[in-house]
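The values are calculated or read from the model by the stated rules, or taken from the named source; none is laboratory data. Quick caveat, the model's predicted, so the values are computed rather than measured. Positions of Cβ are generated from backbone atoms using ideal geometry, with glycine treated the same way; all protein chains shown enter the neighbour counts.
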Amino acid sequence: MDLSRWGVREWTMTALAFVVFCVCALTAGRGLASGANGEVLRLRFGGDAARTRVVVDLDRSTRGNVVSAGDDGRVIVTLSGVVPRDQLSGAGLGLVRGYRVAVSGGASRIELSLASGAEIERRFLLPPGDGVSHYRYVIDLKTTGRAAARHTPSAPVRHATARTERPLIVIDAGHGGRDPGAMGAHSRESTITLDAALMLKAELERGGRYRVRLTRDSNTYVDLYRRVQIARAADADLFISLHADAGSDPATRGASVYTLSEQGAGRAVREFTRGDDWSRELRLPGRDPSVDRILLDMTQRVTQNRSAQLARTLLGGLEAADHPLLRRSHRDAGLAVLLAPDVPAVLLEMGFITNPEDERTLTDDRARRRLMRAVAGGIDQYFRDPVGPMQMAATGATGATGQP
Ligand SMILES: [Zn+2]
């Protein structure tokens, strides 16, 4: 891993990232508190299975005290003078399997359960600055190369969070409401995606192996950021956005799968900062080119590799069902719905609404069911052979999402 990632530059980026996160948080109606009591606002994670950064967002200064340094499979740090606003807990990333914040007197007790052996490399408080209006307490962890005490070593992080629950899949029906998407000869994309989403949900729930949530279940408009939020808030195991393609040549047909590449993230930023609908929806702060870098940083490699894995198994499922594929069927793009840094996500273009055969497939009940079975088969395959973050850290250095 490149140590310069943790350099001074990183701080500028982290700071700017906060602008994005704060603006996003406000958008979601969870603004920063300015009350009398100090609060722990949230925890964020970055890095990988070799080095993991934990950032605790706070609305005032604090002092940290290490209770447990990782020897017993946990890192516990208390932060004085701040308490969590809500119950805070969830899955971690990299070396952190999961976290929990509890109130302990007038302090917060941050408990990180480790996915593998780790120790605290450094910790420090960052005051407001660089356009960030609140404090951050940072805990950097590095691997000891040993198994975590009391934990199984090489189990993949996201799927080994002591979860007895079935995997949660968020299905996103593209477009909707005032945004009909692409138009075919007899159909519109927003209807096709909703029908497909409902069918895929039924298909996945039929086996009893998954929990499924939809970002919309009627012809309503849901903004792109909200769709990402739904997946993140639900701690989804994967996110699949369904769309239908459109082209100027009616002969063009076939499905394709998008994942977010680094290049894709860059393109997303250019979209956002152009002042079009997306940027208004996401309320990104401005046209600062460094936002580009922030989003790159936000898209964690582990997630990217998991997304690429999902893209492969989905295409495998479609291929096995003889569903036509576009020539370069796995593409990467900067699509806002793929921007969640911690939920593996793909966007499936199920076919071309502008191609007569594809349109028939997408609107015919039987053909569509066949297609959705194939998609469900790809998802089954994804969960059958999960790739652990250790392997990914070793093999995924240049990203596995393929270059455009
Ligand atoms: Zn679309």
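Scan A268, A255, A246, A251 and give me the residue that is surrounded by 19 or more Cβ atoms within 10 Å (Cβ to Cβ) and at pLDDT 85 or above.
Numbers: A268 fails: at pLDDT 85 or above; A246 fails: surrounded by 19 or more Cβ atoms within 10 Å (Cβ to Cβ); A251 fails: surrounded by 19 or more Cβ atoms within 10 Å (Cβ to Cβ).
Sole residue among the options that is surrounded by 19 or more Cβ atoms within 10 Å (Cβ to Cβ) and at pLDDT 85 or above: A255.
Is there any pair with a first residue in the range 244-258 that is on the phi < 0 side of the Ramachandran plot and more than 16 Å from the ligand (Cβ to nearest atom) and a second that is β-branched (V, I, T) and at pLDDT 90 or above whose Cβ atoms are under 7 Å apart and which are 6 or more apart or on different chains, and what are they?
Cβ pairs passing all conditions: P250/T354.
Let me confirm something: among S116, S108, which residue is buried (at least 22 other Cβ atoms within 10 Å of the Cβ), within 23 Å of the chain's Cα centre (by Cα) and at pLDDT below 90? Spell out how you get there, then give the answer.
Details: S108 fails: within 23 Å of the chain's Cα centre (by Cα).
That would be S116, the only listed residue that is buried (at least 22 other Cβ atoms within 10 Å of the Cβ), within 23 Å of the chain's Cα centre (by Cα) and at pLDDT below 90.
With the requirement that a residue be closer than 15 Å to R74 by Cβ and buried (at least 21 other Cβ atoms within 10 Å of the Cβ), what does the range 119-142 give you?
Result: I139, L141.
Within 16 Å of the ligand (Cβ to nearest atom), in contact with a strand residue (DSSP E or B) (Cβ under 6 Å, 6 or more places away or on another chain) and either in a helix (DSSP H, G or I) or of a type in the set (S, T, Y) (or both): does that describe T220? Can you show your working first?
Values: within 16 Å of the ligand (Cβ to nearest atom): yes; in contact with a strand residue (DSSP E or B) (Cβ under 6 Å, 6 or more places away or on another chain): yes; either in a helix (DSSP H, G or I) or of a type in the set (S, T, Y) (or both): yes.
Taking the combined requirement at face value, the residue satisfies it.
Which numbered condition in (1) in a helix (DSSP H, G or I); (2) closer than 23 Å to P250 by Cα; (3) away from the ligand (no atom under 12 Å from the Cβ) is the only one that E203 fails?
(2)
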